[in-house]
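Here's the structure we're looking at; comments come further down.
Each reported figure results from applying straightforward, stated rules to the coordinates on display, with no laboratory input. Bear in mind that the values here come from a model prediction, so they are computed numbers and not experimental data. For neighbour counting, all protein chains shown are included, and Cβ atoms are generated from backbone atoms with ideal geometry for every residue, glycine included.
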Amino acid sequence: MTLSPAPKPKKILYIEDNPSNATLVKRILQPKGYTIIIAETGLKGIDAALEHKPDLILMDINLPDMSGREVTTRLRAFEQFRDMPIVALTAQTDDKQRAMTLISGVSGFMAKPIDVASFPKRIAFYLEGGKDLPKVANPDEARRNYHKELTEHLEKRLRDLEAANSKLRQLDVIKDDFIKRTAHELRTPLTIIYGYGRLLQTAPPVHQLTQTNPEVGAYVDALVESVERLHDVINEIFTVYRLTTGQIELNLAQSNLGEIVQYALDDFKQAAQQRNVNVEFTREGWPTKLMVDFELLRLALANVIGNAIKFTPDGGKVSINHIETSDTVKIIVHDSGIGIPIEEQHRIFDSFYSFEKTDHHSTSKTAFRGGGLGLGLSICRSIIEAHGGKIHVESQGQDVEKMPGSTFHIEIPLTNRGQTQVPVATDVTPVQ
Ligand code: ADP
C-alpha cells in the first residue's frame, strides 16, 4: 500500500490588533490543523501576506494604522491576492460601514463576536472558494463613502506627518546649536589643559621628579595624549556639524594627489612604525593636476588610512595604490586587518556608526581596534561625494583569527568640476 503524502496545513493570516480575539481564533482553528499567523497592524499584515502567502486572510476592520478596508484594497492590487479569500471579521456591522467594507474588495463578511460552533465550517467554506457577500443596497453611495473615508484618512496622515516633520526640523536646529555651543565651550578649557600638559612634559621640576618616579612622566604623557584625542573628537564633531549645515565650501585648486596622500599618511607614520605596520605607498605616478580641495581630501583620506592602520594588528600591512582611467582616478586603500562584517558594510559610512565594542577602546586612536566616535567615514563620504566621487568598501567579513582585511575604493572624477558647497548628507545626523 502506498501512502499519499499528508496535505500541507492551510495557512490563515489574521490581521487583528486585539490579542484576545487573536487568541480565540488560534484556539478554535489550530486544533483543526490550520497554521495561524497573526499581524497586529495593517502594514504588518501586508508584509506578512507577501512573506507567508496565506491561503486565507481574516481581516479586522478597526486597525491602528490603516483600516482593514484599506488593507484589503491594497492587497487586491497585487496580482497574487486578486482572487484569494479575504474575509472581514468585524464588529462594524452598521449598514454604512458594512457597505463600505463590502465595496473594498472582501470576499466574505463575518460579524463579531465569533460564533465558536459555526466558525470552522465558515472558514472551510471560504477556503474552498465559497463567497457569501450580502448585496449592497446602494453601491454608488457606498463607493462615494469609501472614497471619502480614504481621502480623509490620507489627508489626516499627511497633516500628522507635516506636523511631525516641522517638529523634527525645530529639534534639528536646537540640536545643531547645542552641538556648536558644546563643542565650542569644550574647546577653550581643553586648549588650556593641553597647554599646561605640554608645559609639564618639559618643566624641569617634573623632569627631576621623573628621575626618581618614572611613572610621573607616564601620567603626564597619558594626560596630554587623552587631551589630544578629545581635541580630535571635538574637531570631528565640528566638521560633521559644518558638513550637515552646508557650511563648508570646497576650495578647489589644481592639486597633486600623491602629495595629498603623503600628507594624510604623515599623520600616522609614527603610529605605524611603533606598531610595525608596513605601509606601502609610492608618491610618484599619481595625477598631479586634480581639481580638488586639498585640505578636505587630505582629511577624507586620513580617515580611511587611519582606520586601515587602526584595524590592522601589529606587524600587518597597509597599501595605498591608484588606478587611473580616462575619466577617473581610483584610490585603493587595502589593509590586512580584522575585516568588516558583510552585514555592516553599507552602514559604516553613516554618522556615529561604530560597531566595535568599547572594551577595545583605547586612548590611542591608532591602537589596534582603538574605538572612535564613528564619524570618520561619514565625513569622508560627504567630502568624496562633494567632489562628484564615490566610496565603497570590500571585505569578506570580520575574523580576528584569519585577518581577511578590507579594501576601500575611492573614486574621483578626473574632470571634476566640483561643487562649490559640500551637500548636506541626508543620513548624516550629528549628535543623537
Ligand atoms: P571610527 O571613528 O569609530 O573609526 P569610522 O566612521 O571611521 O569611525 O568607522 C566606522 C566603523 O567602521 C569603525 O568603528 C570600524 O568598526 C569600521 N571600520 C572602518 N574602517 C575599517 C577597517 N579598515 N577595518 C575594519 N573595520 C573598519
Gain on full stretching of the segment that runs from GLN273 to GLN247 - 0.36 nm per residue minus C-alpha separation = 5.7 nm
key: Length added when fully stretched, GLU215-LYS148, from 0.36 nm per residue minus Cα-Cα   = 16.3 nm
query = For segment 320-344 and segment 8-75, what is the separation of their Cα centres, given in Å?
reply = 48 Å
key: Calculated [θ] (222 nm, deg cm²/dmol) that DSSP helices of n ≥ 4 give over the chain, each run adding -39,500 (n - 2.57)   = -15500 deg cm²/dmol
request  = Along Cα→Cβ, 7 Å out, is where each label goes; now give me the distance between the ones at VAL400 and GLN201 in nm to one decimal.
outcome  = 3.0 nm
note = Once phi for every residue in segment 280-288 is put through the Karplus expression 6.51 cos²θ - 1.76 cosθ + 1.60 (θ = phi - 60°), the whole-Hz ³J(HN,Hα) values, with Gly and Pro written as x, are 9, 7, 10, 6, 6, x, 8, x, 9
key: Counted charge near TRP286, where neighbours are those whose Cβ lies closer than 15 Å (Asp, Glu -1; Lys, Arg +1)   = -1
request  = Tell me the label-point distance for the pair THR282, ARG82, using the 7 Å Cα-to-Cβ offset, in nm and rounded to one decimal.
outcome  = 6.4 nm
remark   = Checked the chain with the C-alpha gyration tensor, a ≥ b ≥ c its square-rooted eigenvalues, rounded below a/c of 1.5, otherwise prolate if a/b is larger than b/c and oblate if not; verdict prolate
note = With 0.36 nm assigned to each residue of separation and the Cα-Cα distance removed, ILE323 to VAL173 gains 49.8 nm
note = Honestly segment 115-234 on the Cα gyration tensor test (a ≥ b ≥ c root eigenvalues; a/c under 1.5 rounded, otherwise a/b vs b/c for prolate or oblate) is just oblate
query = At a Förster radius of 56 Å, what calculated FRET efficiency corresponds to the Cβ-Cβ distance of PHE352 and ALA137, to the nearest 0.05?
reply = 0.40
ask   = Expressed as a whole number of Å, what is the distance separating the alpha-carbon centroids of segment 215-292 and segment 157-211?
value = 20 Å
